[in-house]
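Working notes, beginning with the structure itself.
The values are calculated or read from the model by the stated rules, or taken from the named source; none is laboratory data. As the structure is a prediction and not an experimental result, all values here were calculated from the model. Remember, those area values only see protein heavy atoms, side chains included, never the ligands or the DNA or RNA. Shrake-Rupley method; radii C 1.70, N 1.55, O 1.52, S 1.80 Å.
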Amino acid sequence: MLFARSRRLSAWSSDALTGMVVAGSVFAVLLVTSADALGQRSTQGSLYSRLGIGELQSFGSSQAQALGGEGVALGSAQRAAFANPAGLGDQLLTWAGAGLRYETVSATDELDNNSKVGYGSIDHVMFSFPILSRKLGFGASFSPYSRVGYNVRVTDELPGVDGEEPTPYAIDFSGTGGLQKVDVGIGYSFGPSLSLGASVNFVFGLIDEFRLTSFDSGLFASTRISNATRVSGTSATLGVQTTARSILRDEDQLAVGAVFAFPMTLDGKKVLTIGESLDKDTLGATTDVDMDLPWRLGAGAAYSPSRKVTLMVEGRFEPWSEFGANIPLPGLEPGTDGAQDRLRLSGGVEILPAGTDLFAPYLQQIAYRVGFFTDKSYVQPLPGEDLRSYGITGGLSFPTRIPGTRIDMNLEVGRRGNTDNGLVRETYYRIGVNVNIGERWFFKRPLG
């Protein structure tokens, strides 16, 4: 009897080890591929990504994304979710997911001049599995932390000397790159009502900024200035989720979650190069970089009156007024009031007509999602001028012939900024395609 039990345990351990090795290899390949793809993205996007460390990004799950938020209160028993490491403890299946995103940005100034750009990128890569089913789980994810992508031209002219004609010139500002984030977390479920979790967060990346000054006259030499800032840092996140059932009716459920991310220090180097036109740089200077990013608090609730409906609300607060850096950043100059506290609020509803009925018609097994959000940015484009974003989200989640696997298509329509005081108003459209694969990998094989 002991020998048979040992054989079963050995078979389980072999499968688990093999699965972990394969999953780790796949995640590593996808991570390298994603980082390379993100590094080669178009240099054009939001003009406001020039400010600070870029346009902040976040991703918790494709379900929460269509509901307008990150999904701090959503668990991972039925889906891959990474907004709250506490949810990793409630896993039955091994999850793997990846997403692609295409975005168009249309900018309008106070004179109704318009410009429009589009770009695509890899949105996220994630993997998680249960160590102990519905008890202890592990997960790792890769996603953008911030994005920099802009291209702006300013034109003017130099006054003529001794009756000569003025000399027109143009200054082109452009930037590319951003920061990426790798999260590695673990979650533990104490039962159906309480889960705790923690994750280690690695942030790294490169921000390239260029300024090209060109003249219409051959009497002046064009000048190119480049700043390359490479930084990295580590932080940690703690999470908690609690669930109450049968509150107003027999089948309902209320989940409440919260996460706290500790402050993070980014260290690195900034390299300044100056040259004429596109010639080889003639001057280079290196500066040590030290940035102090603030802590973050997120909280949310998800209420399901039945298996067919889920309502979600959540908020996020980041005290960027505590931000500090030893180098100047656009909109975050040291000693100024450019940095301000960030506040984001969101909510949404999901309807799954079939509920848990796996034999329902296909259209009833599609999940229909809609949400909204409002976001006050951490930077000010001008002193006293808040940068606000707001929009609506939606999505469809399609089941496949492979049990546990779904394809999610999400849409986000938003607007940020205004045309006051020489600023621009941006309207953007984001289309995302996400694949979530859930399979039962780690289980004991019966040996006869």
Scan around ARG134 for amide H atoms under 5 Å from its own, H built in the peptide plane at 1.01 Å from N, and keep only partners 5 or more places away or cross-chain.
-> GLN91, LEU92
Rounded accessible area of SER389 (nearest 10 Å², 1.4 Å probe) | 20 Å²
How many Å² of accessible area per residue for the range 115-214, probe 1.4 Å?
-> 44 Å²
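For TRP295, TRP95, give the ranking by accessible area with the largest first, probe 1.4 Å.
Output order, biggest surface exposure first: TRP295, TRP95.
Ordering LEU111, LEU311, LEU158 by how much accessible area each has at a 1.4 Å probe, largest first, what is the list?
LEU111, LEU311, LEU158
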Roll a 1.4 Å probe over the protein heavy atoms and report the accessible area of THR155 in Å², nearest 10.
-> 100 Å²
Probe 1.4 Å, all protein chains present, accessible-area order of THR167, THR242, largest first = THR242, THR167
